[in-house]
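The values are calculated or read from the model by the stated rules, or taken from the named source; none is laboratory data. In this text, all values refer to a predicted model and were calculated from it rather than measured experimentally. Quick note on the areas: whole protein, heavy atoms, side chains included, nothing else; ligands and nucleic acids left out. Shrake-Rupley method; radii C 1.70, N 1.55, O 1.52, S 1.80 Å.
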Amino acid sequence: DLTVGGDSDFSGDATFGGDVISTKANGLISGSSSSTGSFGSVHTAGNVGIGTTNPDGTLHVHTATAGSVTAEGNADDFIVESSGNGGISVLTPDASAAKIYFGSPSDNIGAMLDWNYSSSTCKIGTSKVGAQVILRGDNNVTNLTLSGASSSEIASFAGKVGIGTSAPVGKFQVYHNA
């Protein structure tokens, strides 16, 4: 065991076979004397936690506990956890698009979410011919399916559709109050 009291500076490479822990409140372990706690790169054989010593996935950013919950195993590569509102921000200039892509070896942009402030557009879609965008609601029931191929657009709805009313009485109702 090695215990160091106070500040210490090291030059060259250092290899540790165990944990590197700062016991100081808001203590930093940084890559340079001017760093504020960030590293150019971190290599680890396991998971990485920011704000937690027990990460639930590959990268777990933990502001505060969300309660007794663990990320589902099919989506635990990047976890953001908070006891209140939580989120991820993708920030770009007004004229540029902020994007999240979902891909595979067959198509690196299989599906996408795209926002552009200047054009006032939010796009949700797929790039695969014949693919569908399905919106689900209560109890994972499909409420809207959008698909299109060869310049055609097809939408199918489950349930009732109302225009001018939030409580249609039939499959399709148009309400106008003159």
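What is the percent carbon and sulfur in the accessible area of segment 39-127, measuring with a 1.4 Å probe over the protein chains and ignoring ligands?
53
Pairs of lysines 8 or more apart, or on different chains, with alpha carbons under 25 Å: count those in segment 57-178, would you?
Lysine pairs, 8 or more places apart or on different chains, close enough: 4.
Could you order SER8, SER147, SER106 by accessible surface area, starting with the largest, using a probe radius of 1.4 Å? Intermediate values should be presented prior to the final figure.
Details: SER8 55, SER147 35, SER106 115 Å².
Sorted descending by solvent-accessible area, the residues read SER106, SER8, SER147.
Which whole-Hz ³J(HN,Hα) couplings does segment 5-12 yield from phi under the Karplus relation 6.51 cos²θ - 1.76 cosθ + 1.60, θ = phi - 60°, glycine and proline marked x?
Karplus values, whole Hz, x for Gly and Pro: x, x, 7, 9, 10, 10, 10, x.
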